[in-house]
Protein chains: 2
Amino acid sequence: PFQVQKKNIRTAALIVCTFTYLIIGACVFDALEDAPFTDRKHRLERKFAQFKHDHNMTNETFRQLSDLIMNKTIVRHKWKFYDSFYFSTVVLALIGYGHRQLITSRGKIFCIFYAMLGIPMWLITFQSTGERLNSLLSYVLARLKRSLHMKQTKITDGELLITESLLSIVILVIGAFVFSKYEPWSFFESFYYGFITLTTIGFGDYVVLLNNHRDKDFIYHAEYFFFCMAFIFLGLTVLASSMNLLVIRIVAFYSQERLLEKLRQEE
Amino acid sequence: PFQVQKKNIRTAALIVCTFTYLIIGACVFDALEDAPFTDRKHRLERKFAQFKHDHNMTNETFRQLSDLIMNKTIVRHKWKFYDSFYFSTVVLALIGYGHRQLITSRGKIFCIFYAMLGIPMWLITFQSTGERLNSLLSYVLARLKRSLHMKQTKITDGELLITESLLSIVILVIGAFVFSKYEPWSFFESFYYGFITLTTIGFGDYVVLLNNHRDKDFIYHAEYFFFCMAFIFLGLTVLASSMNLLVIRIVAFYSQERLLEKLRQEE
Ligand SMILES: [K+]
Ligand SMILES: [K+]
């Protein structure tokens, strides 16, 4: 009962922290995005009024046209096989840009079952790959230390975590560099895209492989397609190895606690 | 080395499975969404041609108007505080509908740091809450079994997992029922929304709390706002408890393996 109480209090404290953090975030987003938004809205409304006047449209026809255009941008171009592969990856990785929508009911039903089976598989695969990457990195770092004639050649979890954080930053920066070449984005916007993708938030305001030139010659851009896929897979693998280390730590912490509990009960 | 080999082979097998699964998904999505898409595109193109003709627009002015309208729908209404809270939740839960965009650079920079600190906190909170829910459910199920005079009153992990799966389905169905009342969606679309949200894919093709009536009287809809938030928090907690059970199982499996490895080395 003492342990249960303690765990309840810890959980409650965590929940309070998270809610406070959510409210702080809400305040800041509110403050940062409010004024520029109002400006932008007024400018847009003036332009719309101008358009309606120039082309002799009623409000009703304008609304109809807006609805049509919204639909059009959603179904921008034909699904090709590599689009579908990209889509499957975006579903299983839980990124979900929403850059294309499933318009049929059978597509949606398939998507539900596909995700129900695929997501656990994806998580186990990345958990396993992450664990392998940790072994590989430990081996490489130990060799490096030995070649530098350091006394302590054993690799701690902390050192692994730092290496993986650095690796994530390298991947993000390389990604930002390449994306800013191929997409009409600045370096910062490309970095933002990479960050939002690898955290699997996937807002969908910036999505690679969507520009219009693309349809013309896929062969020319094939290497870019593979780069984008590699960015997602490698980036998520590095994050999975960090998660693997952290999860092992959390579970070790809990099992230590459980052991203490057992000892206390035996007393 | 034998164990390392075995782990490498297992990881390779998992990777092959996942890629095969991605390709299968790509094939099915390709097949399901291609024909309806082509139909829809042709219909849209005819309507656009009609519009351009009726309102005397050149292709260039039409393209300008499309761009403007795309912008407008993205910044549909003013950010209010509860919008920002909703946005923060969508970021930290890794759902990322993209139903509103950060248009300022400082907004984006804040978002990166907010997520870097907040996501680990969110994961630890849900891991902890999930573990508590597991304890609570074990207790409730054990009492239930005792009151039914069953011989075996101990609760296995399997029974907990089944209970949580049932609970998830109940949450999804209740959610689908309420969403189909408040949003212009069918029951199936509402269910699809709930599934895509709780898996944290968050495509953003269906997003709650976005309809236009909403601006008028928030007080009237406040209970709906809280319902939507409760749906996300409760749903993710139930999933977190399932994940908690599965993670403990995976780690137990790995630590058993490590133990075997040690014993083999000692022989
Ligand atoms: K997501
Ligand atoms: K998303």
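The values are calculated or read from the model by the stated rules, or taken from the named source; none is laboratory data. Keep in mind that this is a model prediction, so the values were computed, not measured. Please note: Cβ atoms are built from the backbone with ideal geometry, for glycine as well, and neighbour counts cover all protein chains shown. Remember, those area values only see protein heavy atoms, side chains included, never the ligands or the DNA or RNA. Shrake-Rupley method; radii C 1.70, N 1.55, O 1.52, S 1.80 Å.
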Just wondering, is there one or more residues in the range A:201-214 that are away from ligand 2 (no atom under 16 Å from the Cβ), free of Cβ contacts under 8 Å to residues at least 12 places away in the same chain, more than 13 Å from chain B (Cβ to nearest Cβ) and open to solvent by less than 20 Å² (accessible area, probe 1.4 Å)?
yes
One residue is enough: does the range A:219-234 have a residue meeting the conditions within 13 Å of chain B (Cβ to nearest Cβ), more than 16 Å from ligand 2 (Cβ to nearest atom), farther than 23 Å from A:D83 by Cβ and open to solvent by less than 40 Å² (accessible area, probe 1.4 Å)?
no
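Here is a yes/no grid of residues against (1) more than 16 Å from the chain's Cα centre (by Cα); (2) modelled with pLDDT under 95:
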{"residue": "B:L144", "(1), (2)": "yes, yes"}
{"residue": "B:L172", "(1), (2)": "no, no"}
{"residue": "B:Y182", "(1), (2)": "yes, yes"}
{"residue": "B:S186", "(1), (2)": "yes, yes"}
{"residue": "B:I219", "(1), (2)": "yes, yes"}
{"residue": "B:F233", "(1), (2)": "no, yes"}
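Examine the range A:186-193 for a residue that is open to solvent by less than 30 Å² (accessible area, probe 1.4 Å), assigned by TED's automatic domain parsing to the domain that holds A:G235 and within 16 Å of ligand 2 (Cβ to nearest atom), and state whether such a residue exists.
There is at least one residue in the range A:186-193 that is open to solvent by less than 30 Å² (accessible area, probe 1.4 Å), assigned by TED's automatic domain parsing to the domain that holds A:G235 and within 16 Å of ligand 2 (Cβ to nearest atom).
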Scanning the range B:156-185 residue by residue, those closer than 17 Å to A:I109 by Cα and either crowded, with 16+ Cβ neighbours inside 10 Å or out of contact with any Phe, Trp or Tyr (no Cβ under 9 Å at 6 or more places or on another chain) (or both) turn out to be B:I169, B:L172, B:A176, B:W185
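Please verify whether the range B:133-154 includes one or more residues that are closer than 29 Å to A:R106 by Cα, without any contact (Cβ under 8 Å) to a residue 60 or more places away in the chain and either within 14 Å of chain A (Cβ to nearest Cβ) or open to solvent by 80 Å² or more (accessible area, probe 1.4 Å) (or both).
No, the range B:133-154 has no match at all.
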